[in-house]
Amino acid sequence: MPILKIEKLTKKFVGLNAVTDLDLEVNQGQILGLIGPNGAGKTTTFNLISGALSPTSGRVIFKGKDVTGFKTHVLARMGLVRTFQLATVFQDLTVLDNIQVALHYRSGEGFWRILLATPAMARKQNARVRENAMKLLDLANLGQFAHHRAGILPSGHQKLMSIIIALAVEPELLLLDEPVSGLNSEEIDILMSLVKTVRNERGTGIIMVEHNMKVVMDTCEQIVVINFGQKIAEGTPEQVSSDKKVIEAYLGSE
Amino acid sequence: MKSQKWQLFIPFIILLLLILVPVFWHSPRYLSLFNLLFLNIILALGVFSLWSVGMINAAQPVFFGLGAYTVAILLVRVHMPYWLAFPIAGIIPAAIAGAFGFVALKMKGAYFLFLTIALCELIGWIWVAWKGLFRGSVGFYPIPQPEIKIFGLKVLFSQSLVPYYYLALILAVITCLFYFKIHQSRIGRVWESVGKHEDLLANTGVSVFAQKEICFVASCFFAGLAGAVYAPYMTIVSPTQFTLWQGIWIVLGVLVGGIFSPIGAIVGTVFMAVLGVFLTRFSNTQPLILGVILVFVLLFMPSGLFGVPGRVINKIRDMAPNHNIEKEESGKRF
């Protein structure tokens, strides 16, 4: 059973059909690339899957359950997590606090438990969350920046952090929105190897919107190409890169 | 650790001084200034807290007033003892806030602010129009004094302002403890993220709406309790005591003091109170002076009075980490 299945997903705005009848499937542990020219509807698709937008019609089925129209935080609790291209981290919090906030829901300690905690209990609570946060940061070698304000970190580090934040939520499906945009080749290697580690160790399914074709072709096992809100091709990197319709969409016709 | 102990020292000293004030200053005028200051601090902390989740509440006097009216109605009509009416005066405004928030908190910040302004006007109108329950523009007078016994001795609320001073001080201290604890904890960080990065936070499984509701309901609970102290203290409760103008003063106080920490709210409220005392001579130009202050603060001190030291510290902190990052990247791969 695929971890995510989209059936005839459609989103119409007044005067614009952003996404039309999109079908898509992702399996556990699979890395699927979602590519297409600018304005093709990739981010809209992500918004539809992650609950930021509600579809005009169609269904989103996650772990076998119809989750169409579910709110973002409900989906995140179920294991469907999305990263953003630009809003990668909580800018004004420290790096450590970023991860501790990301761990907040999973920590199981809500408002009352924190309010009524004695100093001893609070110390234990905080130590546990802090330890988990540091372990996560160490996966990307970011532990050294724990007490720096996240906003001053260079964008490469911030992008890494956004993966760590998503990882803290224990995702079973990860939607990565342009994870390597703005990174140099070294940073790309490090980030993609982190993504692959997440996939290998957790079996997380991954959908990646990316414009960097080298990364897409190297990393994705399956690629879906959309243009004008509709799927125009699907297949392995080899199949897609030689597909006439895809070439036309990106380069124009002869 | 040493700096933390230092930090606890100052509030202790301030608290000690405040406890001793009535011993040295008997003048009702000064005691009543402190009383109102304590109550305003409670209101300001609630407004600050809600500001951290991205919502500005200009209707704090409404919830304050609902608490006062609850006590008035319960004491005068139902002859309920004060110790029972007191918590109810917190619960009713909190419940109304919960209902109002269910609709209003789903909107963007600016619309929420407009809705609170509308709420001010609406509730103000209800207090005047629903004469059966609220006794219209006349209001409730006189309000029976609380009958509280400590160690068997009756506390003389009717004879002096001193018991009210301590009642208001105790409530303010409890409110401060609540807000400092919450805002220093992870909840504080989560709430700041609600204000600034809603979408990212939602993707970590946090219900942004639930956090806003909790924050709002808590702030109106304390506002209601403050109203419960205010009602017997003033001995009169009427609609003109709880206006939008006061709500704006509270919001300005929080802004001027600094919206980044509960201390800012307290500092700003004290500042506005001192200003208010000076400005009583110039009641015609109050709006002008307030406007000038607002523009000055927004232009030159956007982090507020209490934010200025923080910004300087941040600037220093920001300079050092950059230096470290340069060293690391040139020396080794991360």
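A few points about this structure:
- The fewest-to-most ranking of B:LEU244, B:LEU16, B:LEU119 by surrounding Cβ atoms within 10 Å reads B:LEU16, B:LEU244, B:LEU119.
- When A:TYR105, B:TYR111 are sorted by how many other C-beta atoms sit within 10 angstrom of their C-beta, beginning with the fewest, the order is B:TYR111, A:TYR105.
- Sorted by Cβ density within 10 Å, fewest first, the residues A:LEU9, A:LEU139: A:LEU139, A:LEU9
- Cα-projected label distance for A:GLN144 with A:LYS12, points at 7 Å along beta-carbon direction, nm: 5.6
- Rounded to 10°, Cα long-axis angle of helix B:262-279 versus longest principal axis of chain B: 50
- Estimated translational diffusion coefficient (Stokes-Einstein, Kirkwood radius over Cα pairs, 20 °C, 1.002 mPa s) of region A:97-225: 134 µm² per second.
- 0 to 90° range, to nearest 10: angle between helix B:2-24 axis and chain B longest Cα axis: 20
- Counting only Cα atoms, the size of region A:39-168 along its three principal axes is 51, 36, 22 Å, in decreasing order.
- Qualifying GluC sites (Glu not before Pro) in region B:182-214, where qualification requires a DSSP coil assignment and no more than 14 other C-beta atoms within 10 Å, are lacking entirely.
- For the protein assembly as shown, the residue among B:ALA99, A:LEU80, A:LEU48 whose Cα projects farthest onto the positive side of the dipole built from Cβ charges is B:ALA99.
- Across region A:171-254 the C-alpha pair distances fall into 10 Å bins from zero in the proportions 16, 46, 31, 7, 0 percent.
- Inter-chain neighbour count for A:114-122: the average number of beta-carbon atoms from partner chains within 10 Å of each residue's beta-carbon is 2.
- Shape class of region A:192-237 from the Cα gyration tensor (axes a ≥ b ≥ c, square roots of the eigenvalues): prolate, since a/c reaches 1.5 or more and a/b is larger than b/c.
- In Hz, Karplus ³J(HN,Hα) per residue of region A:77-85 (6.51, -1.76, 1.60; θ = phi - 60°; x = Gly, Pro): 5, 7, x, 9, 10, 10, 9, 10, 6
- When the square roots of the Cα gyration tensor eigenvalues are ordered a ≥ b ≥ c, the ratio a/c for region B:80-156 is 1.5 or more and a/b does not exceed b/c, which makes its shape oblate.
- Cβ-Cβ FRET estimate between A:HIS211 and A:ASP66, R0 fixed at 41 Å, reported to 0.05: 0.85
- Cα centre as origin, Lys/Arg/Asp/Glu Cβ charges: the protein assembly as shown dipole, Debye: 1980
- Shielding of peptide B:187-200 by partners, expressed as the average count of other chain Cβ atoms within 10 Å per residue Cβ, is 6.
- D (Stokes-Einstein, µm²/s), Kirkwood Cα radius, chain B, 0.692 mPa s at 37 °C: 154
- Kirkwood-based Rg to Rh ratio, the protein assembly as shown, C-alpha trace: 1.05
- The Cα atoms of region B:1-126 give a gyration tensor whose axes a ≥ b ≥ c have a/c of 1.5 or more with a/b no greater than b/c, which makes the shape oblate.
- If the convex hull is drawn through the Cα atoms of region A:56-115, its volume per residue in Å³: 139
- Mean projection of the Cα convex hull over all viewing directions, computed for region B:167-311: 10.5 nm².
- Highest to lowest packing among B:233-241, B:215-223, scored as the average C-beta count within 10 Å: B:215-223, B:233-241
- Peptide A:163-169 - average C-beta neighbours from other chains (10 Å radius): 2
- Volume in Å³ per residue [convex hull over Cα atoms, computed for chain A]: 140
- Listed residues A:ALA120, A:ALA102, A:ALA87, most fluctuating in chain A (Gaussian network, C-alpha, under 10 Å): A:ALA120
- One decimal place: the segment B:LYS154-B:LEU288 gains 43.5 nm when fully extended, by the rule 0.36 nm per residue minus the C-alpha distance.
- Computed from the C-beta positions of B:ILE14 and A:ASP23 and an R0 of 45 Å, the FRET efficiency is 0.10 to the nearest 0.05.
- Take the Cβ atoms of A:ASP218 and A:LEU86, set R0 to 41 Å, and the FRET efficiency comes out at 0.95.
Here, each number is a calculation from the coordinates, and none is a lab measurement. Predicted model, so just to flag it, every value in this text is computed and none were measured. A quick note on method: Cβ atoms are made from the backbone with ideal geometry, for glycine too, and the neighbour counts reach across all protein chains shown.
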